[in-house]
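Derivation of every value follows stated rules applied to the coordinates shown; laboratory data play no part. Just so you know, these numbers come straight off a predicted model, no measurement behind them. Cβ: placed from backbone, ideal geometry, glycine included. Neighbour counts: every protein chain shown.
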Amino acid sequence: MDEKAPQKFTDMLTGKLSSKLPGKLAERAERGPVVAVVKLHGVITPTPSPMSRPTISLQTVESALTRAFGHDRLSAVVLSINSPGGAATQSALVADRIRGLAEEKKVPVLAFCEDVAASGGYWLACAADEVYAHPTSMVGSVGVVSASFGLTGLLEKLGVERRVHAAGTHKVRLDPFRPEKDEDVQWLRGLQDELHEQFRDWVRKRRGGKLSDSGEDLFSGEVWTGAKAAELGLVDGLGTLRDIVKERFPDAHLLTVEPRKPLLARLGMASSVRFGRGGADTVLSAVEALEHRAMWNRFGL
């Protein structure tokens, strides 16, 4: 399949529409510069949402990023970010892909923090050359969190015997069906500290001398409003996506490039199929939905 086919179709459609526009407007639509907008909305996770809500992973957004950076009249790429965070590895993979495409195509990347760009969401924002937020946006949360459930005694109450056989002293850690061990918690804390240091290094690398030296701990996991984030150097300025793009690229028109949804999600069937499996899948789906909801609730959303 011709990789440029989607772009050719877009150009053909633009041409047909522009033929119905008067004079200068038609010329601008046909030949004018473009600012591509990619929506990075949702929890960052390698698994799909149990409620058919948008999620962010390299798999779900790579095609949109490739299409956005592939436009032949591209002036800039804008990341519209609305995410409370999620998986560290997926955050890094998506950010690395953005940087790779930006360097390959030699175009600037701007990020706009909507309701929230926290934790992994802020990791994504730092992939941009410039970061903006609304004064009321929630920004930051440079830290690492791990959450799980303790189900000790549950199986016994249900009359179920669980059998686990493992080779290797540390093969089984943090088993939710067994009492928590201090040594397992210390091991987890070591992983968190390592990931936290990688997060700090990424922010320092991307934000550099823009970060405030006010003495406030920018890497404590705290979250700030967009207005405060601007004072701390976590973002470059305040405003809306359309206003700043219009100011920076007055002759360009916006082209929104959204990740393609799976067929079942487009038909509104994904969650019903998953919940329809029954038993353990239903319970797991409900738990995942609660966890996703809790991530947004941390920021009052």
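What to note about this one:
- Fewest neighbouring Cβ atoms within 10 Å first, the residues Leu238, Leu254 line up as Leu254, Leu238.
- About its Cα centre, the stretch 42-153 has a charge dipole of approximately 160 debye under the convention of +1 per Lys or Arg Cβ and -1 per Asp or Glu Cβ, with nothing else charged.
- Out-of-range pairs (alpha-carbon distance over 28 Å; input Lys105/Lys228; Lys105/Lys246; Lys106/Lys228; Lys210/Lys246): Lys105/Lys228; Lys106/Lys228
- Residue-by-residue Karplus 3J(HN,Hα) for the stretch 251-257, coefficients 6.51, -1.76, 1.60, Hz, glycine and proline x: 8, 8, 10, 7, 10, 7, 10
- Note on Lys181 and Ala227: with the Förster distance fixed at 35 Å, the Cβ-Cβ geometry gives a FRET efficiency of about 0.20.
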